[in-house]
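This report refers to the structure that appears directly beneath it.
The values are calculated or read from the model by the stated rules, or taken from the named source; none is laboratory data. Bear in mind that the values here come from a model prediction, so they are computed numbers and not experimental data. In this analysis, Cβ positions are derived from the backbone assuming ideal geometry, glycine residues included, and neighbour counts consider all displayed protein chains. Side chains included, ligands, DNA and RNA excluded: accessible areas come from the protein's heavy atoms. Shrake-Rupley method; radii C 1.70, N 1.55, O 1.52, S 1.80 Å.
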Amino acid sequence: SNYYCIWVRTGFENKFIEKLQPLFDAVPNEQNGKLHCIGKQMRLRSGKEFIAPLIPSYIFEKQIIFQEFGHKEEEGFIDFLPNDNIKPLSAKDTELVTSFLRYGSVIPILNVQFDVNDRIQIIDGLFKGMEGFISDVNRSK
């Protein structure tokens, strides 16, 4: 599938999706576009959790129907990337976006503990199969 990138004002990602996705959902299924803002779950030192955009200001659309709705005047909209030349993401960028979305729109917090000189291997997710050794641990975080 092709993905397209919509550039919006930082902080408007979710508002933009909440306003436009219902319009997209009203289009017949074979043409239905889906908007995604890839997020990451974060935890403050106070313990409070929230979701922040992983790639601020960028929304990814699976099919290009946004243009057909004529919503360039929608609050927060800046442009299509690359700059109003509406074309799908490169194969490499599409692979990156789909690898994130394979696990959902929000990357969860991973609770792990490490010690210096521990050998680690990623067993799931984007970096599956990669290995390394812990060289330093910041216990204050």
> Considering region 51-75 alone, what residues qualify as being at pLDDT below 85 and part of a loop (DSSP other than H, G, I, E, B)?
Replying inline: K62, Q63, I64, I65, G70, H71, K72, E73, E74, E75
>> All but one of (1) in contact with a strand residue (DSSP E or B) (Cβ under 8 Å, 6 or more places away or on another chain); (2) within 27 Å of I17 (Cβ to Cβ); (3) open to solvent by less than 90 Å² (accessible area, probe 1.4 Å) hold for I134; state the number of the condition that does not hold.
In response: (2)
>> Here is a list: K19, K48. Which entry is at pLDDT below 90 and open to solvent by 40 Å² or more (accessible area, probe 1.4 Å)?
In response: K19
> In region 89-126, which residues are in a loop (DSSP other than H, G, I, E, B), over 16 Å from the mean Cα position of the chain (by Cα) and not polar (S, T, N, Q)?
Replying inline: L110, V112, F114, D115, V116, D118, I122, I123, D124
